[in-house]
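> So that we are looking at the same thing, I have put the structure below in structure tokens.
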Amino acid sequence: MNDDPGFALRGELSAQRDQVIAEFQSSRSVRRLLSRLAQVADRFVRRATGHTRVTRFASVVAVGGYGRAELFPHSDVDLLIIPVHEPTAVQAEAIEAFVHMLWDMGLPIGHAVRTVEQCGQEASRDPTVMTSMLESRIVCGAKAPFSALQSELRRVLDPRAFFTAKLLEQKQRHAKFEDTPFALEPNCKESPGGLRDLQILLWVAQAAGLGASWSDLQRRGLLTREETATLRRTETTLKSIRARVHLAARRREDRLLFDVQRTVAEAAGIGGNAERLASEVLMQTYYRAAKTVTQLNTIVLLAIEQLLVPRDAAPAAVLDGIFLSRDELLDIADPDALKRQPSAILRAFLTMQLHPELKGMSPALLRAIWHAGPQMDAAFRDDPENRQCFLSILQQPRGVVHELRRMNQWSVLGAYLPVFRRIVGQMQHDLFHVYTVDQHILMVVRNLRRFTQSQFAHEYPLCSQLVADFARPWLLYAAALFHDIAKGRGGDHSELGARDARRFCRQHGITGEDEKLVGFLVQHHLSMSRVAQKQDLTDPAVIERFAKLVRTDRRLVALYLLTVADIRGTSPKVWNAWKARLIETLFQLTRRALGGDARGADTELEGRKREALRILRLYGLSERAHEALWRELDIVYFLRHSAQDIAWHARALLVHVTTERPIVRARLAPAGEGIEVLLYARDQKDLFARACAYFDNRSLSILDAKIHTTRHGYALDTFLVSERGHGTHFRSLLDRIEGELTEWMGARVELPPPVKGRLSRQSRHFPVSAAVQLNADESGQHYLLSLVATDRLGLLYGVARVLAHHGINVQTAKILTLGERVEDVFLIDGPELAQPKAQLQLERDLLEALSP
């Protein structure tokens, strides 16, 4: 028998926990469960201090969730031990004995030992530590260290910096879960719409001095009474589900795995019926709660940001009779306007697409949309103005996916398309889909849109090439919306969905071949993958039958694009090189059978090449002079450059395809807006930063840049630069830039510190909020980095220097300056990107570089 006092108390602790859990199973009060479990832990922590005398020289403080006096059945008991002074050897032994005793009792302890000064230093450096300490309470021991900790936290806490850091953390966390609360096995704590999205509201509110409870936020006008009640109900639902997941799994597990869904449903008293399993009813309940959380999380964070980061009073720009642009948000002058004019509901989302300077919707507008739900009735759907507006949303050149997702998030998409409403939050019990039906559909639309955007051309070059020549690609988005819309009704969902799609087309004025194409795609959206994966593609009869099914090259191209987008939208793990090869083989063989050119000779891409060759012939170059260079260039390069640029690059590099010396060429930009600079050199990790450093050193503004890496490891970068105040003397700069930049790139000197240029007068009055977005691409090997900021001299070099400092390699980049607004997109890779903390630090450093 073990005489250790910790082991002696293990049985008593276990019995008390079991009693609390048994009461929960009968009462189902999750608030009482979490509070009582925390109280049990408090009692045994105090008993352990009684044995080890830690409280004589230290405060024993609960932090994190335990600090909130809440403890889930298998969560850690997080303790912070704050000694009055740096512990002596004897005191350190007492602390060690205290921790060991808690483990012997069976308490899952997470602990740290820090002085007040150390706490302040850690909290000021790491927002996660600050968050944990904000939710602290003293359990036992000396009160002075704990009081000193509260004072120290107030001293080092920067509410604005904390707010920014928590937003970055939330964005990164959401990206980890594909930015959707509707995964089939969601994490009820960390996923978008989970408990963490509620906790962040109270964290930033507390840091800003706005309160520490929902009632406090209501008193400050950040929540309405209805929203407060909704939040409390939703929070209780999520906490109850999380607690039952812990109990069902018998360990700390926050994922609603298939293994535990039925058990959790039964424990919660949820029953199934002939049409739906109990687990499906449970998940529908969870998804509705998560959707509510995402809505209110957005509204409250925007409201806190407006209080915490007030803008200089700038006049609101009137966009139309309903909407205003205020502080880069779409706003509404009259909160009741949408109830009087319901047609403005859809127009709000179209307005977001038409105004790229808008970064979101204001809390007032989002609340108005939320409360205008009853106005979206049958008359609303039949209104020709609304039908045209919805069609316009699909047809816009930008923002299609963003706005469809926003419409779904705020329950507008399902209100306008009742057939879509049926599949919102509907699970798919198979081995392939990891999203609910509605989220899978929007993922397919997203994949189709990515084919049209050059920054994603490296993912699926053939799809990007095909869609560049596809007239009216928005028809593909319409087909994607309906391809799985009839799931769960019984019968063939492809046939039923095709009927819905054709009805939609007729109602929205889509007729003739366009209507037939949409109906065909929905009806046969599974046909290509079935033939490719299950039939012998070497059999001419198979290809002939498939060619008779699709009938035209346009239908074949459309079906290929939808098939690739659909499979990619089921799960990141489903699409692989084998499936890609099978489907592309079927596409190429069928195209040849239809009489088309399997190589795509009539594509825009081939047209650019032919035009570039024509220009080269005008300079007397041979028919094959370009081949050595072009062999090293991929589709992404040709998609991003005009025929004139391609020809210029070829002329400059014909005899320098392989060279040890950097090649620099400069010319006046065709439109006379600056100087185009071509830089060609062996690639190196900081090459891009070095080039930007030169332009910064010479006070040259980079207006545009295209970064590319050839197949044989050379950087082929082009820059459009301008010398401010010397717009008429560009020609005198050409020779100087060619000579100086060549020498600069050859000299391996340390990167100089950036000089932050002054903002223009317009920028000071109408600043663009800096934004950083970092997302992994489909392969997970590269990341897309998107930056938005106010333009100024040296901005791009500041960004490039941060990337070089973090060991980030720039594969491709598109630098775009729109007046005073900069929008840059980089394809990057580097070992730090696989580390969440390093990612956060990179984003913080980039925000610092972007800030004026």
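The values are calculated or read from the model by the stated rules, or taken from the named source; none is laboratory data. Since the structure is predicted, the reported quantities are computational estimates derived from the model, not experimental observations. Please note: Cβ atoms are built from the backbone with ideal geometry, for glycine as well, and neighbour counts cover all protein chains shown. Surface areas here come from the heavy atoms of the whole protein model, side chains and all, with no ligands, DNA or RNA. Shrake-Rupley method; radii C 1.70, N 1.55, O 1.52, S 1.80 Å.
> What does the convex hull of the Cα atoms come to per residue for the stretch 237-373, in Å³?
Given the Cα convex hull of the stretch 237-373, per-residue volume reads 162 Å³.
> Taking a cut-off of 22 Å, what percent of all Cα-Cα pairs in the stretch 770-852 are separated by more than that?
Of all Cα-Cα distances in the stretch 770-852, 17 percent exceed 22 Å.
> Please report the spacing between the Cα centers of the stretch 166-183 and the stretch 628-661 in Å, no decimals.
Value for the Cα centre distance between the two parts: 40 Å.
> Would you mind checking the stretch 40-73 for residues with the amide N under 13 Å from a putative spin-label position 7 Å along Cα→C-beta of residue 97?
Under 13 Å, as judged by backbone N against the label point of residue 97, lie 48-56 of the stretch 40-73.
> Helix 493-507: angle to the longest alpha-carbon principal axis of the chain, degrees 0 to 90, nearest 10?
Compared with the principal axis, the helix lies near 70 degrees.
> Oh, and also: Using only alpha-carbon positions, what ratio does the radius of gyration of the stretch 207-248 give when scaled by 2.2 N^0.38 Å?
1.45
> For the stretch 777-837 and the stretch 245-283, what is the separation of their Cα centres, given in Å?
43 Å
> How much of the DSSP beta bridge set in the stretch 263-384 is antiparallel, as a percent to the nearest 5?
Of those bridges, close to 75 percent are antiparallel.
> Show me the three semi-axes of the equivalent ellipsoid for the stretch 447-527, from the C-alpha gyration tensor (sqrt of 5 times each eigenvalue), largest first, rounded to whole Å.
25, 15, 9
> Another question, if that's okay. Relative to the first principal axis of the alpha-carbon coordinates of the chain, what is the inclination of helix 604-618, with its axis defined by its Cα atoms, in degrees from 0 to 90 and to the nearest 10?
50 degrees
> Taking every eigenvalue of the Cα gyration tensor of the stretch 486-564, multiplying by 5 and rooting it, what semi-axes result, largest first, whole Å?
In descending order the semi-axes read 25, 16, 9 Å.
> Based on the alpha carbons, how large is the Rg to Rh ratio for the stretch 189-263 when Rh follows Kirkwood?
Rg divided by Rh gives 1.08.
> To continue, here is another question. How do the peptides 216-223, 60-67 rank, highest first, by the average count of neighbouring beta carbon atoms within 10 Å per residue?
Highest mean packing first, the order is 60-67, 216-223.
> Leaving out ligands, DNA and RNA, and with a 1.4 Å probe, what % of the accessible surface on the chain is carbon or sulfur?
50 percent
> Still on this structure, please answer the following. Would you mind checking the tilt of helix 30-52 against the longest principal axis of the Cα atoms of the chain, expressed as 0 to 90 degrees and rounded to 10?
60 degrees
> For the stretch 352-360, in order, what is each residue's ³J(HN,Hα) by Karplus, 6.51 cos²θ - 1.76 cosθ + 1.60 with θ = phi - 60°, in whole Hz (x at glycine and Pro)?
4, 6, 6, 10, x, 6, 7, 9, x
> Then there is this: Net charge near residue 809: determine it from the other residues with C-beta under 15 Å of the C-beta of residue 809, scoring Lys and Arg +1 and Asp and Glu -1.
Summing Lys/Arg as +1 and Asp/Glu as -1 gives -2.
> What whole number of Å gives the distance from the Cα centroid of the stretch 433-470 to the Cα centroid of the stretch 60-75?
If we compute the Cα centre of each part, the gap is 44 Å.
> In addition: Among DSSP beta bridges lying fully in the stretch 1-159, give the percent that are antiparallel, nearest 5.
Counting DSSP beta bridges with both partners in the stretch 1-159, the antiparallel share is about 65 percent.
> Now a separate question. Can you list, bin by bin at 20 Å, the percent of alpha carbon pairs in the chain, starting at 0?
Bin by bin from 0 Å, the calculated values are 13, 40, 35, 12, 1.
> Continuing with the same structure: Just how many % of Cα pairs in the stretch 28-94 lie over 18 Å apart, if you round to the nearest whole percent?
More than 18 Å apart: 43 percent of the Cα pairs in the stretch 28-94.
> Please express the Cα-Cα pair-distance distribution P(r) of the stretch 1-137 as a list of whole percents, one per 5 Å bin, running from 0 to the bin with the greatest distance.
2, 10, 19, 20, 19, 15, 9, 5, 2, 0
> Could you do me a favour and compute the accessible area per residue for the chain, 1.4 Å probe, result in Å²?
Using a 1.4 Å probe on heavy atoms only, each residue of the chain averages 43 Å².
> Same structure again: Lysine pairs in the stretch 46-194 8 or more apart or on different chains: how many have alpha carbons under 28 angstrom apart?
Taking the Cα cut-off of 28 Å, the pair count is 4.
> Quantify how much of the Cα-Cα distance distribution of the stretch 129-280 extends past 27 Å, in percent.
Percent of Cα pairs beyond 27 Å in the stretch 129-280: 38.
> Counting Lys and Arg as +1 and Asp and Glu as -1, what is the net charge of the other residues whose Cβ lies under 11 Å from the Cβ of residue 634?
Around residue 634, the charge tally is +2.
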